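Worksheet for the structure shown next.
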Amino acid sequence: MRFLGVTRAIIEITGDVVLGTETFTRMGDLVVKFITRNGLAAAGRLREALGSSRRIMMPCLERLDRAGVTRRSGEKRILSKLGGG
C-alpha cells in the first residue's frame, strides 16, 4: 500500500477509504459534470448519480472540497471558483 501511495497509484481519502487515482479522478470529473448540468447538488443525489455508497461518497466530496473543486453550501455542493464554478 505504501508503494502504491508513493507512486500515486492510489489516494488515501481517509484512514479506511482508499481509491485508485484514476477512479478518484473519474469521480471528481463526474461530480463536476453533474453540478454543471444540475446546479447545486445534495450529496445523496451525487451518490445516486455515481452509483456509490455514502461511506465512499462523503469522504470523496470532502476531499474535493479541500482541493478547491467543490464547496459545501449548506447541505449541498457547488463548484468552487477553482473547480470551474
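Okay, here's what the table says:
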{"quantity": "Mean Kyte hydropathy of 0.5 or more with a Cα span along the axis of at least 15 Å, helices from DSSP in the chain", "calculated": "none"}
{"quantity": "Fluctuation leader among VAL32, VAL17, VAL69 - the chain, Gaussian network, Cα springs under 10 angstrom", "calculated": "VAL17"}
{"quantity": "Relative contact order, percent, region 13-80 [alpha-carbon distance under 8 Å, six or more residues apart]", "calculated": "35"}
{"quantity": "Carbon + sulfur, % of accessible area of the chain - ligands and nucleic acids excluded, 1.4 Å", "calculated": "53"}
{"quantity": "Heavy-atom accessible area per residue - the chain, 1.4 Å, Å²", "calculated": "65"}
{"quantity": "Among GLY39, GLY28, GLY74: highest mean-square fluctuation, GNM of the chain, C-alpha pairs under 10 Å", "calculated": "GLY74"}
{"quantity": "Listed residues GLY44, GLY15, GLY68, most fluctuating in the chain (Gaussian network, C-alpha, under 10 Å)", "calculated": "GLY15"}
{"quantity": "Computed [θ] at 222 nm, helices only, for the chain once each DSSP H run of length n ≥ 4 contributes -39500 (n - 2.57)", "calculated": "-15500 deg cm²/dmol"}
{"quantity": "Net charge over other residues, Cβ less than 13 angstrom from the Cβ of ALA42 (K, R count +1; D, E count -1)", "calculated": "+4"}
{"quantity": "Amide hydrogen neighbours beyond the local backbone of ILE13, cut-off 5 Å, H modeled", "calculated": "VAL18, LEU19"}
{"quantity": "Directionally averaged projected area (convex hull, Cα atoms, the chain), nm²", "calculated": "5.3"}
{"quantity": "Placed amide H near THR70: partners under 5 Å, 5+ positions off or other chain", "calculated": "ASP65, SER80"}
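The values are calculated or read from the model by the stated rules, or taken from the named source; none is laboratory data. Keep in mind it's a predicted model, so treat the numbers as computed, not measured. A quick note on method: Cβ atoms are made from the backbone with ideal geometry, for glycine too, and the neighbour counts reach across all protein chains shown. Heads up: the accessible areas ignore ligands, DNA and RNA and are worked out on the full protein's heavy atoms, side chains in. Shrake-Rupley method; radii C 1.70, N 1.55, O 1.52, S 1.80 Å.
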